[in-house]
Amino acid sequence: MKLILAIVSNDDASAVSAALTKENFSVTRLATTGGFLRAGNTTMIVGTEDDLVDHCIEIIGGESQRRTEIVPSTASYDIGRYASFPVEVQVGGATIFVLDVEQFRKL
């Protein structure tokens with residue numbers, strides 16, 4: 001048995017969750033924050049059999065595509081002034097961890 005932790009953008013979370021549920025995966029969603037933009041993310045927790053890990057990852061990847069966004073950024077100058085300018089960044093996609101599960105119990 002494996003435990004899959006998938007960190008996806010909040011924009012993709014509903015589609016990922018719905019697609020996993022449709023394929024009979026049990027999903028737990030956690031609201032998380034982090035990354036370069038300190039933007040909201042969703043961490044999906046999925047427990048599954050070893051032979052279904054690749055299928056689960058395919059579903060997550062299919063519903064969480066990378067895209068480019070323009071976001072404001074600031075630069076600080078030594079005299080205490082800040083300048084704001086737009087920066088192009090990659091958002092979306094997924095970060096996935098697959099862990100071995102020594103024991104599983106549902107009480």
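Miscellaneous remarks
- Checking each residue in the stretch 17-35 for being hydrophobic (A, V, I, L, M, F, W, C) and under 12 Å from GLY92 (Cα atoms) picks out no residue at all.
- Yes/no for LEU20 being of a type outside the set (Phe, Trp, Tyr), modelled with pLDDT of 95 or more and either touching a Gly at 6+ places or on another chain (Cβ under 6 Å) or more than 30 Å from ARG105 (Cβ to Cβ) (or both): no
- Residue count for the stretch 50-107, restricted to those that are surrounded by 11 or more Cβ atoms within 10 Å (Cβ to Cβ), among the charged types (D, E, K, R) and at pLDDT 95 or above: 2
- Filtered by the rule that a residue be assigned to a loop (DSSP other than H, G, I, E, B) and touching a strand residue (DSSP E or B) at 6+ places or on another chain (Cβ under 7 Å), the stretch 9-34 gives PHE25, SER26.
- Scan of the stretch 1-14 for residues that are exposed (fewer than 15 other Cβ atoms within 10 Å of the Cβ) and of a type in the set (Gly, Ala, Ser), ordered by number: SER14
The values are calculated or read from the model by the stated rules, or taken from the named source; none is laboratory data. Note that this is a predicted model, so its numbers are computed, not measured. Methodologically, a virtual Cβ is constructed for each residue, glycine included, from the backbone with ideal geometry; neighbour enumeration extends over all protein chains shown.
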